[in-house]
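The values are calculated or read from the model by the stated rules, or taken from the named source; none is laboratory data. It should be emphasised that the depicted structure is a prediction, and the values quoted were computed from it without experimental measurement. Glycine gets a Cβ as well: all are built from the backbone with ideal geometry, and neighbour counts include every protein chain shown. Calculation scope for accessible area: heavy atoms of the full protein, side chains included, ligands and nucleic acids excluded. Shrake-Rupley method; radii C 1.70, N 1.55, O 1.52, S 1.80 Å.
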Amino acid sequence: YRATVLLLDRAGGKDRQYLLSFRDQTEAHRLERMRSDFIANASHELRTPLASLTGFIETLRGPARRDEAARDNFLEIMQKQAERMARLIDDLLSLSRIEMKAHIAVKDQVDLTTLINHVVDSLRPLADDLGVEIERKIDPDPVIVLGDRDELTQVFQNLVENALKYGQSGKRIVVELKRGDDGIKAMVQDFGPGIPEEHIPRLTERFYRVNLETSRAQKGTGLGLAIVKHILTRHRARLVVRSRVGEGSTFTVVFGPQKA
Ligand code: ADP
C-alpha cells in the first residue's frame, strides 16, 4: 500500500507541516521473491535429469565402455531423463505463454460439451492402459462459455490425466458437466487415495507435489495444476478441490455467469 501522512506541528506557536510519505514494498518484494524462487526451482528441476545424463555419459565413455548389457540399460535410462527434460521445458513454455496472455480477454465461443468429450476420447488409450473406466455424465446439448479453446482443453486434459494417474487404484473416474442456477460446473472425480487436507491449498503452486516419488513415477512435472490455475484465472473461473483420504478427490471448475 501507499500512505501519505500529514503531520501538523504546533510547537512554538507556529504551525509547521510535515508531509511523510510511506510506500510499502512488501507486495513488490513478495512478487520478486516468488519470481526468483521459481527460477531457482525450475533450474533445479532441469539440473536433476541433466546431472543424471552427464553421469551416465561419463560411465559409458569410461567403465562401461565394453559392457553391452549395461550400455542398453543406461541408454534406456538416459532416454527417460531426456524425455523428462523435454516435458519440463514444454510445461515451462506453456506456463510462460499463458502468463503472457493473462491480460488479453478470452474471446472464443467454446462448447464445453464437445471440448470435454474430445478430451475424454483422447485419454481413452491411457485409461485403457491403466485399467480405469471413465464414466461420463454429460448431456448432449451444447454448453457455451467464452474462452480460449486450447487453454480450456489443456485444463481438462490435466485434470482427467491426474484423476487417471493418481486415482487409478479406484478403477473408475467420473467426468461430469452440469449447468445450474449458480453457473456452469465441470467436475472430475476419482476414487483413489485422496489428498491429505494440509496439501490442498498448495496444489496449484508451481512444482508442488504431494509425493515426489509418485509424481516422478507418473511422469509429472509438478506444473500441471499451476497451469490449470493460471488458465482459469484468465477465464475468471475457479478451481475447487474436495478430497478425502481413502475415498478420492473431486476437482471442479466453476465458470462464472456468462454474458449472453
Ligand atoms: P504433476 O505433474 O506432479 O502431476 P500437478 O500440478 O498436476 O503435478 O499436481 C500436483 C500434485 O498433486 C501431484 O504431484 C499429486 O501429488 C497431486 N494430485 C493431483 N491430482 C491428484 C489426484 N486426482 N489424486 C491425488 N493426488 C493428486
Where the second residue is aromatic (Phe, Trp, Tyr) and the first is farther than 16 Å from residue 155 by Cβ and lies in region 230-249, which pairs have Cβ atoms under 6 Å and are six or more apart or on separate chains? 248/191
Note down all Cβ pairs under 8 Å where the first residue falls in region 80-101 and is touching a residue at least 40 places away in the same chain (Cβ under 8 Å), the second is among the acidic types (Asp, Glu) and within 14 Å of the ligand (Cβ to nearest atom), and they're at least six residues apart or on different chains. 88/45
Flag if residue 226 is under 21 Å from residue 100 (Cα atoms) and either within 12 Å of the ligand (Cβ to nearest atom) or touching a residue at least 24 places away in the same chain (Cβ under 8 Å) (or both): yes
Does region 242-258 include one or more residues that are within 8 Å of the ligand (Cβ to nearest atom) and within 19 Å of residue 151 (Cα to Cα)? yes
Which residues, taken from region 236-260, are in a loop (DSSP other than H, G, I, E, B) and under 20 Å from residue 181 (Cβ atoms)? 236, 256, 257, 258, 259, 260
Filter region 109-150 down to residues that are charged (D, E, K, R) and closer than 20 Å to residue 178 by Cα, then give me how many there are. 9
Anything in region 199-223 that is open to solvent by less than 20 Å² (accessible area, probe 1.4 Å) and touching a residue at least 24 places away in the same chain (Cβ under 8 Å)? List them, or say none. 203, 220, 221, 222, 223
Of the numbered conditions (1) at pLDDT below 95; (2) open to solvent by less than 30 Å² (accessible area, probe 1.4 Å), residue 232 fails exactly one; give the number of that condition. (1)
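Okay, residues lined up against (1) open to solvent by 100 Å² or more (accessible area, probe 1.4 Å); (2) of a type in the set (Ser, Thr, Tyr); (3) without any contact (Cβ under 8 Å) to a residue 60 or more places away in the chain:
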| residue | (1), (2), (3) |
| --- | --- |
| 35 | yes, no, yes |
| 40 | no, no, yes |
| 59 | no, yes, yes |
| 69 | no, no, yes |
Taking region 204-213 and keeping only residues that are more than 18 Å from residue 247 (Cα to Cα) and in a loop (DSSP other than H, G, I, E, B), one is left with 204, 205, 206, 207, 208, 209
When the residues of region 214-223 are filtered to those that are under 20 Å from residue 95 (Cα atoms) and assigned to a helix (DSSP H, G or I), which remaining residue is farthest from the ligand (Cβ to nearest atom)? 216
Of the numbered conditions (1) more than 7 Å from the ligand (Cβ to nearest atom); (2) out of contact with any Phe, Trp or Tyr (no Cβ under 8 Å at 6 or more places or on another chain), residue 211 satisfies every one except a single condition; which is it? (1)
